[in-house]
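The values are calculated or read from the model by the stated rules, or taken from the named source; none is laboratory data. None of these values were measured; they are calculated from a predicted model. Cβ atoms come from the backbone with ideal geometry, glycine included; neighbour counts cover every protein chain shown.
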Amino acid sequence: MGTIRDLAQNTPDTRNRAVDFYRAAALTIVVLGHWLASAVFVGQDGTLHFTNVLELASWTQWLTWGIQVIPVFFIVGGYANWKSYGAAKRRGDATSAWITARFRRLMTPIVPFLAVWTAISVVAGLLGVDHDLIRAGSFAVVTPLWFLAVYLIVILAVPVSTTLWTRYGWWSIAAGVVLAFAIDATRAGTGWDWVGWLNFGAIWITAHQFGYAWATERHRPRAVPLILTGAIAAVVLVLLTVSGPYPISMVGVPGATENNTLPPTAVLLVLSIAQYAIVRLAEPAAGALMRRSSLWIAVVGFHAVMMTVYVWHLPVLAIVVLIGYGLGFGFSVEPLTTWWWVTRPIWLLVLTGGLIGVVAIFGRYEPRVREAPSPNRVIVGLGAVASIVAISFGVVWGFVPEQGLVRWWVVVLFAAGVVALGAYPARKRGRPKTTPPRR
């Protein structure tokens with residue numbers, strides 16, 4: 001198989017490298033944000049406290065306006081999916097084949113991840129480890145999978161969302177914004193919290209539409225309209241949070257009665273507008289930066305293990321904390337003190353080292369995407385629904401129940417989806433592609 005350097009050197013000149021840079025940069029921000037937000041310390045009574053900086057210092061919640069970069073993932077995902085889906089249709093590929101390929105690429109590295117943590121949960125339970133600890137740990141390690149479940153839904157909607165963009169263009173985005181705020185208003189006015197969950201589709205499919213706008217534009221937008229758009233979105237965010245009913249933090253704050261992420265609120269769509277303006281403004285600079293050979297090779301290499309990094313960065317944090325606590329080392333400093341801030345680079349270096357080790361073990365599975373023909377559309381549909389339902393249920397209610405070792409029906413349902421879609425790692429890696437992955 002060709003090396004990462006070969007893949008980078010074979011990149012077509014027509015590829016928008018800024019899109020790949022934004023995806024890699026956004027994931028890096030997510031990982032660092034989670035690690036820096038963790039405030040772990042041992043109290044005077046010897047008890048381990050696992051808290052969050054956002055909970056301890058309210059001023060840090062303003063920082064989430066820059067750290068919450070999930071909209072960027074959906075925006076660049078829209079760009080990539082428009083290009084990929086369009087190319088598939090021009091080749092005459094079936095829609096089910098395109099969906100299968102996308103699901104396989106995203107789910108392949110999830111299979112070993114969930115297999116390992118299912119085994120750990122079972123073994124820990126059989127060894128008599130406190131059940132509450134196992135259950136809390138299972139919630140912590142699978143939390144990042146919420147993004148996967150939502151993104152898989154967005155992929156299923158691509159045949160419809162591309163049609164909406166083709167017919168209505170920016171009006172499809174305007175309708176999405178109105179729908180998101182209408183859902184929030186209905187939820188607030190009726191007290192029906194379940195209505196808010198509809199925004200998982202309304203908000204993130206609409207953010208995905210911005211990528212369509214980017215991919216289909218005839219001329220790059222000028223700087224002045226982008227600056228005005230970003231400024232207006234920022235002002236609206238201030239009005240909606242400081243003077244309005246929405247929380248300031250763009251991520252969930254432990255212990256808070258209200259949050260903007262679970263379920264998502266319409267302010268995240270306003271944030272998406274601001275971030276779209278920012279990434280488009282920075283696009284020329286990002287593209288020029290990615291013309292540097294060494295940096296582009298690094299980005300291509302990072303893309304080869306991105307999902308592995310994403311799903312393992314929180315488990316690595318938990319493992320490091322448990323090891324340090326067991327050894328009685330590393331968590332004696334009170335959070336937010338001067339010395340705590342001084343030690344943050346060491347904290348990040350330790351976690352980075354642990355993550356590199358884990359990626360070295362499990363990252364090998366991510367490129368092993370099966371290239372077997374897609375099953376028929378009925379099997380694809382059943383497999384897609386089974387996978388999304390299993391992941392969603394596992395994230396919201398947990399893979400470990402209140403009593404018992406594992407919710408086996410969730411595990412079996414996910415396994416059925418994986419088998420139906422062929423989304424398990426191939427024994428041998430396929431032939432190297434001539435362009436970097438995930439487009």
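Within segment 318-334, is even one residue buried (at least 21 other Cβ atoms within 10 Å of the Cβ) and either touching a residue at least 60 places away in the same chain (Cβ under 8 Å) or not basic (Lys, Arg) (or both)?
No; the residues of segment 318-334 include none that is buried (at least 21 other Cβ atoms within 10 Å of the Cβ) and either touching a residue at least 60 places away in the same chain (Cβ under 8 Å) or not basic (Lys, Arg) (or both).
Residue check: is residue 197 of a type in the set (A, V, I, L, M, F, W, C), loosely packed, with under 12 Cβ neighbours inside 10 Å and either in contact (Cβ under 8 Å) with a residue 40 or more places away in the chain or at negative phi (or both)?
In short, no.
Can you give me the number of residues within segment 54-64 that are surrounded by fewer than 19 Cβ atoms within 10 Å (Cβ to Cβ), of a type in the set (A, V, I, L, M, F, W, C) and part of a helix (DSSP H, G or I)?
Final tally of qualifying residues: 4.
If residue 397 satisfies all but one of (1) surrounded by 14 or more Cβ atoms within 10 Å (Cβ to Cβ); (2) over 20 Å from residue 34 (Cα atoms); (3) out of contact with any Lys or Arg (no Cβ under 6 Å at 6 or more places or on another chain), what's the number of the condition it fails?
(1)
Inside segment 100-117, can you point out the residues that are in contact with a Gly (Cβ under 9 Å, 6 or more places away or on another chain), of a type in the set (A, V, I, L, M) and more than 14 Å from residue 414 (Cα to Cα)?
none
Hey, residue 409 hits all of (1) modelled with pLDDT under 95; (2) more than 30 Å from residue 95 (Cα to Cα) but one; which does it fall short on?
Of (1) modelled with pLDDT under 95; (2) more than 30 Å from residue 95 (Cα to Cα), only one is false for residue 409: (2).
For a quick check of your reading of the model, give me the residue pairs whose first member lies in segment 1-25 and is farther than 21 Å from residue 84 by Cβ and of a type in the set (Ser, Thr, Tyr), whose second is modelled with pLDDT under 95 and surrounded by fewer than 17 Cβ atoms within 10 Å (Cβ to Cβ), with beta-carbon atoms closer than 9 Å and at least 6 apart or on different chains.
Filtered contacts from segment 1-25: 3/432.
Being within 17 Å of residue 182 (Cα to Cα) and either surrounded by fewer than 24 Cβ atoms within 10 Å (Cβ to Cβ) or of a type in the set (A, V, I, L, M, F, W, C) (or both) is the filter here; which residues of segment 242-261 pass it?
Result: 244, 245, 246, 261.
Given the conditions (1) surrounded by 24 or more Cβ atoms within 10 Å (Cβ to Cβ); (2) in a loop (DSSP other than H, G, I, E, B), report the number of the one that residue 93 does not fulfil.
Status for residue 93: all satisfied but (1).
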